[in-house]
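Below is one structure; the comments refer to it alone.
None of the figures in this text is laboratory data; all of them are computed from the coordinates on show. Being a predicted model, the structure only gives us computed values, none of them experimental. Don't worry about glycine lacking a Cβ; one is built from the backbone with ideal geometry, like all the others, and counts go over all protein chains shown.
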Amino acid sequence: MIQHSLAAFFEAALITDYPDWAHAVAVAPSGNPNYAPRRYQVTGLNHLATNLPRAANYDDCGTGKTLQLQAYMLWLVGAGNKGVAIMPPALVVQFFNSFARDFPGVQDFVRFGMVNGERHTRQKQISAFNAAGWPDVVVMSYETFLGNEYDRQDVSRFKKAYKDAGLKIKPSDWRRFQQDQAVAGNPYQYFQGGEVTALNLKGAALKGLGYSFLVCDEAHKLKNPASKIHQAVCDYVQPDLGDGSNGLTLATGSPIETNVEDAYGLIKLIDPTRYGSVRAFESMHCVLLPNTQFRKVIGYQNLDHLYRVLYSKGRRVTKQQAFPDMPTRLVTEVAVTLSPPHRALYKKLVSERVLELGDGLIDATQQQSLYNFSQRILICPNQFTDKPIKDNTMLTAIDDLLDSIGEQKIIVFAWYQESVAAIAGHLKHRNPVIINGTVTNNQREAAKIAFIKDPKCKALVANPKSGGVGLDGFQHVCSYAIFADICPHPGAFDQAVSRLDRSGQTETTNIYLLVPTGTVAVKLRNDLCRKESNANEVVQDKKALISELLGEQGLQGSLA
């Protein structure tokens, strides 16, 4: 006997036109047969169904919105639709597997498929679908959905022609090559019909196969309306017939990942007629620096109106609302004073903009390079000098925090690959594992399992973006995290914190921010507070995080 059925989930959400087989499918997240959907998950499913064909779920990270999304997709499949779910690559396998895990018995009634991996692997998956019929639900990455690929032989011939002529390929040359491929009728830009392959699996091909609705997880990746993936999603869901076909659902716990302007990209997808253009959005909500040819936002206005627009087809439940009894999180700022040699090297970099290193130079004369180098030098000074800095007080500060917590597991977040490698090397006595942009999905999963299950693995060193999305289970073994580099985006920061501060956490989540005084880190920390404060004003989260716990302008500083 099914203790909690999918049919009961539908009925609780006031959905009555569900398929008969829903009675035979259980709802058991993580395989828990005693689980009953929480009230906010029931209302979330109702919200999605009510707002068809366009809806958004902005529930906070760690509240379990995937359960609502997948139940919603199963309801649409039961009504005769076929759906596509797209997301960052690291989430594809997990999202695909969770259908069978969280809804035991569903595979007897619904066919699921995944297009994932290298091109030859994807081609095998696609060939199997072409032979046996395409599944009711197909899961893939944003990159696969975008389909921005070309035949390797054509690309090789293109590059060889330039090499033989002694020419360098310019961006304009590459764009012209792409255009020529499309004009020639090759299936690299547009689906021309015929057999679907790994090269032409794009939105047009999926629509031709009968897929009528699209679910986008971690949808803040679509925030830039000028990006190719945003445009690809727009193209897929237009025109909207108003009957649920070409439906679109966005899901993200970070609707405003970096700046208030991020809201425009999501609103444009869910409610295309709300603002005529980005200029109209800026005119309504942004205060621009006057009398200058450069666009610079210096403030925001009418944020109550933006809140109403953002939630006209969206809804949000915070962790505090979902789990009122969950232990609070504690954020502690640790001011660090660089050692005199380290400080002198830092000041030389930001004042002279050039450092001699062996027979070469480190050139920080460009603003972007100075921005990056002035952060990397804080953790990795020895990469900027021939005379090693023996007293690295940043690493010493990490050691002091580790001494205070004893043998408990800890996550150390760092933004740059060099910082991740340096910290992992420094913590080798804790048998650390690494998750950043350099690891494959299989390596990422192996690192996750090792950190959770291996008692000798006491540390995980991760990039906030790579290690801050789609990883569950850390909250059962860890309640401490250090941010060694300042995370520049409040959305990425909150996602990373939510690896520990989520359902199942039984201890106070302790977050430490290392801030080397008198450096660029102070400005970055203040910018993070300001951006988070602006974002919270729009989404109207009443949560205590950086800006509330530390004060929006708690420290002052600049590059020097």
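Table for the structure above
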item: Full-stretch length increase - residue 163, residue 335 - with 0.36 nm per residue and alpha-carbon distance subtracted; result: 56.7 nm
item: Reachable lysines from residue 159, criterion Cα separation under 17 angstrom, eight or more residues apart if same chain; result: 168, 170
item: Radius, Kirkwood style, for the range 280-358 when every pair of distinct Cα atoms is counted (Å); result: 18.8
item: Three-way shape label, the range 217-343, alpha-carbon gyration tensor, a/c 1.5; result: oblate
item: Stretch in the chain that is longest and holds no trypsin sites (Lys or Arg not before Pro) that DSSP places in a loop and that have at most 12 other beta carbons within 10 Å; result: 1-167
item: Using a Förster distance of 22 Å, the FRET efficiency for residue 328-residue 533 (Cβ separation, nearest 0.05); result: 0.70
item: Extension gain (nm, one decimal) between residue 443 and residue 3, 0.36 nm per residue minus Cα-Cα; result: 154.7 nm
item: For the range 226-238, Karplus couplings with θ = phi - 60° (6.51, -1.76, 1.60), whole Hz, Gly/Pro x; result: 8, 6, 5, 5, 4, 5, 5, 5, 4, 4, 5, 8, 9
item: Dimensionless Rg over Rh [the chain; C-alpha; Kirkwood]; result: 0.97
item: The range 253-359: chymotrypsin sites (Phe, Trp or Tyr not before Pro) falling in loop per DSSP and having at most 11 other Cβ within 10 Å; result: 294
item: Rounded to 5, the percent of DSSP beta bridges in the chain classed as antiparallel; result: 15
item: Taking 385, 440, 519 and counting other C-beta atoms within 10 Å, the order from fewest to most; result: 440, 385, 519
item: Relative contact order, percent, the chain [alpha-carbon distance under 8 Å, six or more residues apart]; result: 14
item: Residue-count net charge about residue 483 - beta-carbon cut-off 11 Å; Lys, Arg +1, Asp, Glu -1; result: -1
item: Cα-based helix-to-principal-axis angle, 92-102 vs the chain, degrees rounded to 10; result: 50
item: Rounded FRET efficiency, nearest 0.05, which uses the C-beta distance separating residue 367 from residue 295 and R0 of 22 Å; result: 0.85
item: Theoretical gain in end-to-end length, residue 404 to residue 540 [0.36 nm per residue, Cα-Cα removed]; result: 45.4 nm
item: Debye log10 I(q)/I(0) for the range 27-92, one point scatterer per Cα, at q = 0.27 Å⁻¹; result: -1.39
item: Computed label-point distance, nm, for sites residue 108 and residue 320 using a 7 Å Cα→Cβ extension; result: 4.5
item: Coarse-grained scattering of the range 364-410 at q = 0.15, 0.19 Å⁻¹, given as base-10 log I(q)/I(0) from a Debye sum over alpha-carbon atoms; result: -0.55, -0.72
item: Of every Cα-Cα pair in the range 362-494, the percent that sits beyond 18 Å; result: 55
